[in-house]
Amino acid sequence: MIIIDGKKVSASVKDEVKKETEALIAQGITPGLAVILIGDDPASRVYVNNKKKACEYVGFKSEEFALPASTTQEELLSLVNELNERKDINGILCQLPLPEGLDDNAVIEAISPIKDVDAFHKQNVGRIMIGDYDFLPCTPAGIMEMLSAYDISVDGKKCVVIGRSNIVGKPMAMLLLHENGTVTICHSHTKNLKDITSEADILVAAIGKPKFVTADMVKEGAVVIDVGMDRDEKGKLCGDVDFENVKEKCSYITPVPGGVGPMTIATLMKNTLKAAKLQNDIEW
Ligand code: GUN
């Protein structure tokens, strides 16, 4: 069994971005990422801090807009519009979920598709569906990069994704399909979940429930990817997979932390670099 080292893979992706950023800066272009954080969700605060740190590392300019939970929809949309207009901002990211009363979708649609480094805008989502895209969503693309770094082929494999969110589950299924996986998406209404997951060669858990995937749900020799960022009964950070028991059955498994999370951020850096190049008509 091999524990996939997301930190190591993400470090090499970020180093590649850093190198390309140096070359861009030499041409007078510094990629800029705007990060919007509304309210005081502690997990979102941690994610945003990590994104800012990564920007600093690769040499981007990052600008944080931390606004109170009382921010109105109009105020938020007017900030997004301002950022859409700014030449020095190439990527706009609004950390989701938004506090109650604010509409995630309205904000996503307000972000200019060319600055949509999360690839959440419906124009970008549609382009991914047909395989003609500029940006891929950070978590699923980070997972694909990690699989590739470990020479894990998806072609012809039975892939099972648990979770159907627009951020992870749905695009994850699409990217596995692009690589010729045979993909099943499971969710809260799925009957006989265990029968389906125990057939998976590649199992992606994106449910948001601590240690939901137990050893009896996993095939011997499976590759298990854990997207969860949960807290166990003691308040300790854990994933959607019961790591200690499941790992014995796997060929490869991602840990939490240190698995998918760092890859999400590395992909965000790649997307922001690409956004800066596209907006400056530089060959990608
Ligand atoms: N919330 C959870 N994951 C993400 C992500 O990848 N991007 C944004 N903007 N919000 C998130």
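Between residue 7 and residue 190, the distance separating the two model label sites (each 7 Å from Cα on the Cα→Cβ line) works out to 3.0 nm. Taking amide hydrogens as placed 1.01 Å from N in the peptide plane, the amide H of residue 186 sits under 5 Å from those of 161, 162, 163, each at least 5 positions away in sequence or on another chain. Rounded to whole Hz and in sequence order, give me ³J(HN,Hα) for region 108-117 from the Karplus expression 6.51 cos²θ - 1.76 cosθ + 1.60, θ = phi - 60°, writing x for Gly and Pro. So the Karplus estimates, Gly and Pro as x, are 4, 6, 6, 6, 4, x, 6, 10, 7, 6 Hz.
So the label point goes 7 Å from the Cα of residue 87 along Cα→C-beta, right? Which residues of region 19-40 then have their backbone N under 18 Å from it? It comes to 24-34, nothing else.
Computed over protein heavy atoms with a 1.4 angstrom probe, the accessible surface ordering of 139, 214, largest first, is 214, 139.
Under 25 Å of direct C-alpha separation, and excluding same-chain neighbours fewer than eight residues apart, residue 8 reaches these lysines: 18, 19, 51, 52, 53, 61, 211, 236, 247, 249, 270, 274. Measuring with a 1.4 angstrom probe and ignoring ligands and nucleic acids, residue 65 comes out at about 40 Å² accessible. In order along region 158-170, the Karplus-derived 3J(HN,Hα) couplings, from 6.51 cos²θ - 1.76 cosθ + 1.60 at θ = phi - 60°, round to 7, 10, 10, 10, 9, x, 10, 6, 6, 7, 10, x, 5 Hz, and Gly and Pro are given as x.
The convex hull around the C-alpha trace of region 118-184, projected and averaged over every direction, spans 4.2 square nanometres.
Karplus-based coupling profile of region 173-182, in residue order and whole Hz: 4, 5, 5, 5, 5, 4, 8, 6, x, 9, with θ = phi - 60° in 6.51 cos²θ - 1.76 cosθ + 1.60 and x standing for Gly or Pro. Full extension of the chain between residue 50 and residue 69 gives 4.8 nm of extra length, using 0.36 nm per residue less the Cα-Cα distance. Once the Cα atoms are used to define both axes, helix 260-279 deviates from the longest principal axis of the chain by about 30 degrees. Taking Cα centroids, how far is region 1-49 from region 99-161 in Å? Computed from Cα coordinates, the inter-centre distance equals 16 Å. Using a Gaussian network model on the chain with a 10 Å cutoff between Cα atoms, which of 262, 137, 210 fluctuates the most? Its mean-square fluctuation being the largest, the pick is 210. Round to the nearest 10 and give me the degree value, 0 to 90, for the angle of helix 42-58's Cα axis relative to the longest principal axis of the chain. Relative to the chain, helix 42-58 is tipped by roughly 70 degrees.
The angle separating the long axis of helix 138-149 from the principal Cα axis of greatest extent in the chain is about 60 degrees.
Summarising the amide proton neighbourhood of residue 66: residues at separation of 5 or more, or on other chains, whose placed amide H is nearer than 5 Å comprise 37. Kindly provide the helix-only [θ] at 222 nm of the chain, computed as the sum of -39,500 (n - 2.57) over DSSP H runs of four or more divided by all residues, to the nearest 500 deg cm²/dmol? Rounded to the nearest 500, it is -12500 deg cm²/dmol. Residues 187, 121, ordered by accessible area of protein heavy atoms at a 1.4 angstrom probe radius and largest first, appear as 187, 121.
Calculated FRET efficiency, residue 166 to residue 236, Cβ-Cβ distance, R0 = 25 Å: about 0.30 to the nearest 0.05. The calculated FRET efficiency for the pair residue 132 and residue 283, based on their C-beta separation and a Förster distance of 22 Å, comes to about 0.80.
The values are calculated or read from the model by the stated rules, or taken from the named source; none is laboratory data. Source: prediction; values computed, not measured. With ideal geometry, Cβ positions are generated from the backbone for all residues, glycine too; neighbour counts draw on all protein chains shown. Surface areas here come from the heavy atoms of the whole protein model, side chains and all, with no ligands, DNA or RNA. Shrake-Rupley method; radii C 1.70, N 1.55, O 1.52, S 1.80 Å.
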